[in-house]
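Here's the structure we're looking at; comments come further down.
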Amino acid sequence: MPGYEPFLLCDFHVHTQWSDGKLPVSEVIDLYGSTGKFDVIAITDHILMKKDVLARAGRIATLGRRAFGVREPDFEHYLANVRAEAKRALDQYGMLVIPGAEITQNRLRGRKNSHIIALDIQRYISADQSADDILREIRRQDGLSIACHPHHRPTRRIEISTCYLWDHREQLADLVDVWEAANRDDLFSVTSLKHYPYVANSDFHKPKHLYSWKTLVRAEKNWPAVRRALRENVDIALTLFRNGSWAAA
Ligand code: ZN
Ligand code: ZN
């Protein structure tokens, strides 16, 4: 990113057609890659609970054509697709693509809901277990966890709150690697009051979400270095990526 060398422009929260995103993985890669700005992105499609209330409504609306989440039997195929596209992204755009998933809990009574990104995991992680167990499983797989929109307390009744991790931060702080302090257009200033590791992500679902909060990381462009930088949270900056004149191409 001109003027910000040697920072890497990163987005660690991106959805594709494997869950509820609009674009297939290849088109997401081309969209980010063709800006010529992005260094690191993570593909993080939803893994849903068996009884996810929003997905059930969605499946009815699409006559069962879409699942809205990666299912266990498809997880290997999902990872293989992301890894193949990651290789192309590196060759074609010099962009590092990290495979991951967003382990998603949407219950109508939201006190125990959490959305947890698991980066660089090797195996499927079920959403039908406690958030604590999900975090432990991410550690077991040597992945990196991100607490997504941890302070999302919606005012509209149809939305679902995802505050379990934040509400239990004292017990869980050691298990959560990084907290989202910003998600798309929202800046959760409350979460920044604690001295936790932070990150800002787009929660990309469709092309206009490219323009949203992002993270700058000062590290070498490889996953071990980026992961270390996120955990240590030194030389991290949150930045708004907007389509000004430089994005005209
Ligand atoms: Zn989420
Ligand atoms: Zn998401």
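The values are calculated or read from the model by the stated rules, or taken from the named source; none is laboratory data. As the structure is a prediction and not an experimental result, all values here were calculated from the model. A quick note on method: Cβ atoms are made from the backbone with ideal geometry, for glycine too, and the neighbour counts reach across all protein chains shown. What goes into the accessible areas is simple: the full protein's heavy atoms, side chains included, and nothing from ligands, DNA or RNA. Shrake-Rupley method; radii C 1.70, N 1.55, O 1.52, S 1.80 Å.
A few notes on this one:
- Other residues whose C-beta falls under 9 angstrom from the C-beta of Phe241 contribute a net charge of +2, scoring Lys and Arg +1 and Asp and Glu -1.
- Those chymotrypsin sites (Phe, Trp or Tyr not before Pro) in the range 1-66 that DSSP places in a loop and that have at most 13 other beta carbons within 10 Å: Tyr4
- Count of lysine pairs in the chain with Cα separation under 24 Å (8 or more residues apart, or interchain): 20
- Evaluating 6.51 cos²θ - 1.76 cosθ + 1.60 at θ = phi - 60° for every residue in the range 214-230, the Karplus couplings come out as 9, 10, 9, 10, 8, 6, 6, 7, 8, 4, x, 5, 5, 4, 4, 5, 5 Hz, glycine and proline recorded as x.
- Which of Val176, Ala229, Val53, positive extreme of dipole for the chain (C-beta unit charges): Val53
- Dipole magnitude of the chain about its Cα centre (Cβ charges: Lys, Arg +1; Asp, Glu -1), debye to nearest 20: 800
- The slack in the chain from Arg56 to Arg136, taken as 0.36 nm per residue of separation less the alpha-carbon distance, amounts to 26.0 nm.
- In the assembled protein chains, Glu72 presents an accessible area of approximately 120 Å² (probe radius 1.4 Å).
- Sequence of Arg184, Arg65, Arg231 from largest to smallest accessible area, 1.4 Å probe: Arg65, Arg231, Arg184
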